[in-house]
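Here is the structure we will look at.
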Amino acid sequence: MGSSSQLPSDFLWGFATASYQIEGAVEADGRGPSIWDTFCKIPGKIAGGASGDVACDSYNRTHEDIELLKKCNAQAYRFSISWSRVIPLGGRNDPVNEKGLQHYVKFVDDLLEAGIVPLVTLYHWDLPDELDKRYGGLLNKEEFVADFSNYSRIIFNALGSKVKYWITFNEPWCSSVLGYNVGQFAPGRTSDRKRNPVGDGSTEPWIVGHNLLVAHGAAVKIYREEFKARDGGEIGITLNGDWAEPWDPENPADVEACDRKIEFAISWFADPIYHGKYPDSMVKQLGDRLPKWTAEDIALVRGSNDFYGMNHYCANYIKAKTGEPEATDIAGNLELLLQNKAGEWVGPETQSPWLRPSAIGFRKLLKWLSDRYDYPKIYVTENGTSLKNENDLPLEQLLKDEFRTQYFRDYIGAMADAYTLDGVNVRAYMAWSLMDNFEWAEGYETRFGVTFVDYENNQKRLPKESARTIGEIFDQYIEKA
Ligand code: PNW
């Protein structure tokens, strides 16, 4: 497997990060707070009481980060823009902060000068806090769509001539489910009263997911009507989703539940975009709790992807539940397990409780998506792994991250197989992540970087083994032009 597979000569690869996870400098140059600044201040929400206050200090170290990218021979870099740096209060009638905006203009110029292709995410979870307070943020369709449209237009205007790849939203599933059902991510709303006095996990995630789709569609319309002819770029949304294998392959209910699990995680967003409706399995389970598409909204959403942005990490075993689904169920009335009926683990343990690698699952999901959405152009916008106890290893060992290197070998090989053997139209790959960073609720205890960041020592960056190897892996697979 893998040895004879290839990737096309124009395949684009590089690394990904996100603003709140790396930038720090939360008060620099007039930045306003985001919902993550606020969430991090609530005791007990983040491991070790951490926050993105300093993180990797990337706001002040753009040159170091570009040097890192060059050292890895990266062709591309996916990063996100902090909305509240550009519009500190966030809204369409609020002032634009020219300093914040110019930071990104300069950064993009510097990347281009270094020969690195920028992929820009407009929204990687850091909503301006004021919008959450003012009108309930993502819960308020009219206001949120209008404000996101305004913000997007400002960014397209400032960067459109230089940036050819745009991602509207990163992982709307995480914003909706982790932010409004589980309550583990900002703004932390949930039905679980031990976690939060407010929130309704049976309705809010579906409203938020719907609003994110409409906001995505609205931004795409703006890009296509006002910028695309001039700038010639592409725009899409990035969806997360892992592969599903039946807990008991002999049990048809488990086999069926696998498709349902992917539908609840991915097709929730991808079906409206590619098919103009929500999946039947979701309509059936959620009934009126799933918002209805108006003709106007679905016209914005349908056909709104120039490419499919895919974040992918791992696989799960799926066991169908019997009986009626709970009101707060978001998964499709099934259990996500790491072991199957025979007691086999889906993959080796990592530091992230939800992540056990299974490279073959990557190939299978690429094919599943291609079948369902008629072979769209796919850009893998994130893929990577943490390492069990990496944070506790002595530096010397930590820099030899063979486990992560092998993960990239296996996953990139599986992707090349999907391209070569399954006809999957995958054209780009961004490894998560360029460097260790603020891993949301897990704080700094979990590391995903190909570069070690020494938080104790002035955020010094030291490339790990995987940083060196990933370029060699791509070199092996990418056809010479
Ligand atoms: C993605 N889950 O998040 C994000 O896009 C990144 O910002 C993040 O650092 C990376 O994956 C690694 O976690 C996810 O619980 C977070 O299933 C959690 C889950 C999935 C994706």
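The values are calculated or read from the model by the stated rules, or taken from the named source; none is laboratory data. Worth saying up front: this structure is predicted, and the values here are computed from it rather than measured. Methodologically, a virtual Cβ is constructed for each residue, glycine included, from the backbone with ideal geometry; neighbour enumeration extends over all protein chains shown. Side chains included, ligands, DNA and RNA excluded: accessible areas come from the protein's heavy atoms. Shrake-Rupley method; radii C 1.70, N 1.55, O 1.52, S 1.80 Å.
Miscellaneous remarks
- Helix-only arithmetic for the chain: the sum of -39500 (n - 2.57) across DSSP H runs with n ≥ 4, divided by the residue total, places the mean residue ellipticity at 222 nm at -10500 deg cm²/dmol.
- The largest accessible area among Lys341, Lys321, Lys377 belongs to the first residue in Lys341, Lys321, Lys377, and the rest follow in falling order (1.4 Å probe, all chains).
- Rg and Dmax of region 343-481, both derived from C-alpha coordinates alone, stand at 16.0, 49 Å.
- When the P(r) of region 78-164 is calculated, the portion above 15 Å amounts to 56% of the C-alpha pairs.
- Whole-number percent relative contact order across region 66-115, with pairs defined as alpha carbons under 8 Å at least 6 apart: 34 percent
- Over the chain, relative contact order from alpha-carbon pairs under 8 Å, at least 6 apart, %: 18 percent
- The magnitude of the dipole of region 14-64, with charges of +1 and -1 set on the Cβ of Lys/Arg and Asp/Glu and taken from the Cα centre, is near 220 debye.
- The separation of region 218-237 from region 17-44, counted between C-alpha centres, amounts to 28 Å.
- Extension gain, Asp280-Asn157: 0.36 nm per intervening residue step, less the Cα-Cα distance, totals 40.4 nm.
- Shape box of region 387-450 [Cα atoms, principal axes, largest first, Å]: 42, 24, 16
- A 1.4 Å probe run over the protein chains yields, for the chain, 38 Å² of accessible area per residue, whole-number rounding.
- For region 67-110, a simple Cβ point-charge model (Lys and Arg +1, Asp and Glu -1, everything else neutral) yields a dipole of about 140 debye relative to the Cα centre.
- Base-10 log of normalised Debye intensity for the chain (one unit scatterer per alpha-carbon) at q = 0.07, 0.13 Å⁻¹: -0.33, -1.32
- Using a simple spin-label model with pseudo-atoms 7 Å out from Cα toward Cβ, Lys388 and Asn251 lie 2.6 nm apart.
- Taking 26 Å as the limit for the C-alpha separation, the pairs Lys106/Lys388; Lys41/Lys321; Lys70/Lys464 exceed it in the case of Lys106/Lys388; Lys41/Lys321.
- Rel. contact order, % - alpha carbon contacts under 8 angstrom, at least six apart, region 205-311: 41 percent
- Stretching Thr420 away from Lys400 to a fully extended chain increases their span by 4.1 nm, per 0.36 nm per residue minus the current alpha-carbon distance.
- The label-point distance for Lys377 and Gln6, in a model that sets each label 7 Å from Cα toward Cβ, rounds to 2.0 nm.
- Spatial separation of Cα centroids for region 267-317 and region 146-206, in angstrom: 16 Å
- Heavy-atom accessible surface of the chain: percent carbon and sulfur, 1.4 Å: 49 percent
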